[in-house]
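What follows is one structure encoded as structure tokens, with my remarks underneath.
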Ligand code: PLP
């Protein structure tokens with residue numbers, strides 16, 4: 001395997017950044033994950049757009065021109081011969097003597113790109129089965145709209161889910177409303193067949209997969225409401241699912257040990273998963 005680190009393609013086993021990288025010391029950095037599907041990278045323009053937004057919110061410069069970043073994404077996918085899998089990009093504020101203040105102007109941001117293959121058959125099997133999710137009190141900082149590498153709350157919430165038989169955590173805010181998953185956006189389908197997901201401006205990451213699914217819902221003429229839904233409403237839903245580049249559309253069949261609907265992946269989630277890639281921007285590598 002090959003990784004890209006600050007201008008060089010290096011063997012993955014030797015890929016490293018300095019111990020004084022601010023990503024390592026302060027989680028002072030941002031990232032993106034794009035799906036690679038059938039030899040194509042999914043929604044690169046949208047991911048780079050969001051990367052640019054995350055960088056600008058934290059006042060980190062682009063490590064190089066956006067087109068160059070795009071080129072490197074393609075190179076890393078190609079050099080690793082990934083047909084189905086993920087490509088990961090991380091940009092941090094760079095390497096500098098440990099100090100909370102921003103480093104001097106001349107310090108360049110660090111950039112790392114890695115890619116790895118995944119097994120499409122295993123993913124399909126997981127989607128056919130559905131996943132269990134476990135609720136968790138929302139305890140993250142309010143700027144979850146920025147895709148930072150500061151993911152410790154997400155790590156703890158997801159580990160808790162795992163220890164309770166789940167694959168994902170659903171954060172629940174102080175008013176009892178689901179915000180989003182540990183690494184996914186959260187959706188339900190009500191008994192009346194209405195799709196519900198929380199507005200992007202209200203304490204969640206604006207998922208790229210979420211945006212694509214919203215487009216699809218409109219194309220398919222499904223009814224939806226962008227509003228918060230409570231944990232209680234989710235228990236009572238006909239279906240639930242999560243969305244992310246890492247799992248596309250993944251049906252949720254259990255929430256805190258209780259079955260959702262009939263306990264099987266729902267027809268809406270299954271349909272959205274089937275047609276998902278028709279609504280994406282696909283770049284051949
Ligand atoms: N919410 C959180 C907290 C995430 O970490 C992610 C993805 O990693 C998502 C939502 C889904 O975003 P996307 O669809 O862009 O992968």
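Readers should treat all values here as calculations from the given coordinates under stated rules, not as data from a laboratory. Here the structure is a predicted model, which is why all the values come from computation and not from measurement. Quick reminder, even Gly has a Cβ in these numbers, built from the backbone with ideal geometry, and neighbours come from all protein chains shown.
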Among 206, 227, 46, which comes first, then next, by fewest other beta-carbon atoms within 10 Å?
227, 206, 46
Taking Cα centroids, how far is the range 195-222 from the range 93-169 in Å?
20 Å
Give me P(r) over the chain, computed from all C-alpha to C-alpha distances, binned every 5 Å, as integer percentages.
1, 5, 12, 16, 18, 17, 14, 9, 6, 3, 1, 0
I need the shape label for the range 1-48. Rule: rounded when a/c is under 1.5, else prolate if a/b > b/c, else oblate, with a, b, c from the alpha carbon gyration tensor.
oblate
Net lengthening on full extension, residue 152/residue 106 (0.36 nm per residue, minus Cα-Cα)
13.6 nm
So how far, in whole Å, is the C-alpha centre of the range 1-25 from the one of the range 243-274?
36 Å
Most exposed first, judged by fewest Cβ atoms within 10 angstrom, 14, 43, 173 run 14, 173, 43
Among DSSP bridges having both ends in the range 123-284, what percentage is antiparallel? Round to the nearest 5.
60 percent
Specify whether the C-alpha gyration tensor of the range 207-263 places it in the rounded, prolate or oblate class, a ≥ b ≥ c being the square roots of the eigenvalues: rounded for a/c under 1.5, otherwise prolate if a/b is larger than b/c and oblate if not.
prolate
Only bridges whose two residues both fall in the chain count here: according to DSSP, what percent of them are antiparallel, nearest 5?
80 percent
Identify the residues of the range 188-220 with backbone N under 17 Å of a label point that sits 7 angstrom from the Cα of residue 57 along the Cα-to-Cβ direction, or state none.
198-211
For the range 123-284, compute Rh as the Kirkwood radius over C-alpha pairs and then the Stokes-Einstein diffusion coefficient at 37 °C and 0.692 mPa s; write the answer in µm²/s, rounded to an integer.
211 µm²/s
Using the Cα gyration tensor of the range 2-118, with a ≥ b ≥ c the square roots of its eigenvalues, what is the shape: rounded (a/c below 1.5), prolate (a/b larger than b/c) or oblate (neither)?
prolate
Would you kindly state how much longer the chain becomes between residue 64 and residue 160 on full extension, computed as 0.36 nm times their sequence separation minus their alpha carbon distance, in nm to one decimal?
30.7 nm
Give me the one-decimal nm value for the distance between modelled label points at residue 14 and residue 38, 7 Å along each residue's Cα-to-Cβ direction.
3.8 nm
Residue 141 label point, 7 Å along Cα→Cβ, cut-off 17 Å on backbone N: hits in the range 97-115?
99-103
